[in-house]
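Let me begin by presenting the structure, written as structure tokens, before commenting on it.
The values are calculated or read from the model by the stated rules, or taken from the named source; none is laboratory data. Since we're looking at a predicted model, the values are computed, not measured. Heads up, the Cβs are rebuilt from the backbone with ideal geometry, glycines too, and the neighbour counts pull from every protein chain shown.
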Amino acid sequence: MKKRVLLVGGKDNARSLALSLIKQGYHITAVNDTYGDCMKLAEIDNLVVINGDGTNPFVLDDAHAMNCDAAIALTSKDEDNLVICELCKKQFHVKKTISLVSDPKKTDFFYQMGVDSVVCAITAVTSIMEQQAFMEKMENILPQGEGQVQIAEVPIPGTAPVVGKKLWEVNLPREVIIGCILRGGKTMIPHGNTQILTDDVLVLLSGNNQESDAIRELTGR
């Protein structure tokens, strides 16, 4: 049975996300209060579009929010996104709510109010910069080159054989270690019981050119 996702608000973001999710096999309903945006969204095959204010519970009811597995608030107003998530979670019992926020200072408050995932573009860009700085720092600290330490970033796709496994369960070459994991915009230092998740980026430290064997073990490719 297809999972159902409700997209509320947004324009280009809603369109891009709808196309991506439909391609992945989700059943998508989009709610938008701008008629012109609704007409553009209606051009997408297999997308149900409703013209209305997503902060209005009657509109969410028309969108069958109660049947959705997830709701994603994409409006340009943080306060509207919070109201949408609150209504979907508390009134329509949607299992997972996701909200955009423009102000990173509001992120903790959104979590405290029960929003399951909060996405902030500013925080995401900052995290990317921090991760890049981390990789550059590692390159400066560790001697690299033939016969020395090699550093590799390995993205983990959903089809990878190690998804869901703990690090101690992964059969890596002896001279390869997972130095850190980049997950959800954060850098974490793993331990033996750390579980590998889809979309993790594993930073490998290896010697004797064994990173290729390690990458095959991790990704199945």
- Item | Among (1) touching a helix residue (DSSP H, G or I) at 6+ places or on another chain (Cβ under 8 Å); (2) under 30 Å from residue 118 (Cβ atoms); (3) surrounded by 11 or more Cβ atoms within 10 Å (Cβ to Cβ), the one test that residue 173 misses | (2)
- Task: Within region 104-124, identify whether any single residue is farther than 25 Å from residue 3 by Cβ, at pLDDT 90 or above and aromatic (Phe, Trp, Tyr), and answer yes or no.
- Result: yes
- Residues of region 4-13 satisfying the condition of being under 15 Å from residue 71 (Cα atoms) and at pLDDT below 90: 10, 13
- Message: When you scan region 12-27, do you find a residue that is under 24 Å from residue 92 (Cα atoms) and in contact with a Gly (Cβ under 6 Å, 6 or more places away or on another chain), even just one?
- Response: no
- Message: Checking residue 144 against (1) among the polar types (S, T, N, Q); (2) modelled with pLDDT of 85 or more; (3) in the same structural domain as residue 201 (by TED's automatic domain parsing); (4) over 22 Å from the mean Cα position of the chain (by Cα): exactly one of these is not met. Which one?
- Response: (2)
- Kindly provide the set of residues from region 182-221 that are modelled with pLDDT of 85 or more, assigned to a loop (DSSP other than H, G, I, E, B) and among the aliphatic types (A, V, I, L, M), ordered by number. 196, 197
